[in-house]
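Asker: Sharing a structure, written as structure tokens. Questions coming.
The values are calculated or read from the model by the stated rules, or taken from the named source; none is laboratory data. The model shown is predicted, which means the values in this text are computed figures rather than measured ones. Here the Cβ positions follow ideal geometry from the backbone for every residue, glycine too, while neighbour counts run over all protein chains shown.
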Amino acid sequence: MNHTHTTDTTPARHNSHWLLLPGLAFVMLATRMDHFGSAVTLPDASLAVFFFAGFALHRPLWAGRAAFLALCGLAAAIDFWAIDSQGVSSFCVTPAYGFLLPTYFAMWWAGRQSAQLPLHTGAGWLRLALLAGCGVSAAFVISNGSFYLFSGYVTAPALADYAAGVARYFPRYAFYCLGYIALGLILRALLGAIVRRAPSLTGQSQHD
């Protein structure tokens, strides 16, 4: 009986994860105007969005890939709209812009690998933190490095100058992304606790 119950509910649980996709799209829409944020805008959560897309929307594989491509398309559409209609600077739209695809893939892959971890153990959470950190680091190297080399703004690339840029921007880049991921995982845990508690509360109400 227990085996039948698990088999029946697992597809429903995986299908319900797809309700997260509109929420991820909304978060990207709400935060993509300014990477580090300002007095009136939140820091860009796009990297965390791709992490959670890989983390939650990983089954089946073809659908997870479709979600990744859809979010990439949304990111590009937001950028176009912001530049064309909102007066946002096109400074970041250079020949290096296409490297955002592998940038986001690094985060999506980190999220996808994290979904396989045993998060009921401390070792699982440690591995998730390491994967998230590696994903953020790879994303930064790809996006920042490609901009430095291929944007056309740097006429004489130098390792010392690039290292200075890394020291200046990477801490905030990682802080905001990992902060969003931590917040998302906390919300996931809270919602999971509420869902698990709901049947017992319903049963208690019926007995009362």
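Asker: In segment 162-184, how many are touching a residue at least 12 places away in the same chain (Cβ under 8 Å) and over 23 Å from the mean Cα position of the chain (by Cα)?
Answerer: Residues in segment 162-184 being touching a residue at least 12 places away in the same chain (Cβ under 8 Å) and over 23 Å from the mean Cα position of the chain (by Cα): 2 in total.
Asker: Could you list, ordered by first residue, the pairs with Cβ atoms under 9 Å in which the first is in segment 75-103 and touching a residue at least 24 places away in the same chain (Cβ under 8 Å) and among the small types (Gly, Ala, Ser) and the second is outside any loop (DSSP other than H, G, I, E, B) and exposed (fewer than 15 other Cβ atoms within 10 Å of the Cβ), at least 6 apart or interchain?
Answerer: From residues that are touching a residue at least 24 places away in the same chain (Cβ under 8 Å) and among the small types (Gly, Ala, Ser), the pairs are Ala96/Leu149.
Asker: With Ala96, Ala138 as the choices, which residue is crowded, with 19+ Cβ neighbours inside 10 Å and farther than 20 Å from Gly23 by Cβ?
Answerer: Working: Ala138 fails: crowded, with 19+ Cβ neighbours inside 10 Å.
Testing whether each residue is crowded, with 19+ Cβ neighbours inside 10 Å and farther than 20 Å from Gly23 by Cβ leaves just Ala96.
Asker: Check segment 196-203 and report whether any residue there is surrounded by 14 or more Cβ atoms within 10 Å (Cβ to Cβ) and not hydrophobic (A, V, I, L, M, F, W, C). First the steps, then the outcome.
Answerer: Step one: of segment 196-203, the residues surrounded by 14 or more Cβ atoms within 10 Å (Cβ to Cβ) are none.
The answer is no; no qualifying residue exists.
Asker: May I ask you to list the residues in segment 65-102 that are outside any helix (DSSP H, G or I) and of a type in the set (Gly, Ala, Ser)? Full working, then the answer.
Answerer: We begin by selecting, within segment 65-102, every residue outside any helix (DSSP H, G or I); these are 86-96.
The answer is Gly87, Ser89, Ser90, Ala96.
Asker: Quick one: which residue in Arg196, Arg127 is farther than 21 Å from Tyr104 by Cβ and at pLDDT 95 or above?
Answerer: Arg127
Asker: Name every residue in segment 99-135 that is among the polar types (S, T, N, Q) and surrounded by 17 or more Cβ atoms within 10 Å (Cβ to Cβ), in order of residue number. First the steps, then the outcome.
Answerer: Step one: list which residues in segment 99-135 are among the polar types (S, T, N, Q), which gives 103, 113-114, 116, 121.
Result: Thr103, Gln113, Ser114.
Asker: Which condition breaks for Ser151 when tested against (1) among the small types (Gly, Ala, Ser); (2) in contact with a helix residue (DSSP H, G or I) (Cβ under 6 Å, 6 or more places away or on another chain); (3) surrounded by 15 or more Cβ atoms within 10 Å (Cβ to Cβ)?
Answerer: (2)
Asker: Would you confirm whether any residue within segment 103-112 is at pLDDT 95 or above and either outside any helix (DSSP H, G or I) or farther than 15 Å from Ile181 by Cβ (or both)?
Answerer: Taking every residue of segment 103-112 in turn, at least one turns out to be at pLDDT 95 or above and either outside any helix (DSSP H, G or I) or farther than 15 Å from Ile181 by Cβ (or both).
Asker: Pairs needed: first member in segment 132-146, touching a residue at least 40 places away in the same chain (Cβ under 8 Å) and under 13 Å from Cys177 (Cα atoms); second member anywhere, among the polar types (S, T, N, Q) and crowded, with 19+ Cβ neighbours inside 10 Å; C-beta distance under 8 Å; at least 6 residues apart or different chains.
Answerer: Ala132/Ser114; Ala139/Thr103
Asker: Give the number of residues within segment 72-95 that are touching a Ser or Thr at 6+ places or on another chain (Cβ under 8 Å), hydrophobic (A, V, I, L, M, F, W, C) and more than 19 Å from Val49 (Cβ to Cβ).
Answerer: 1
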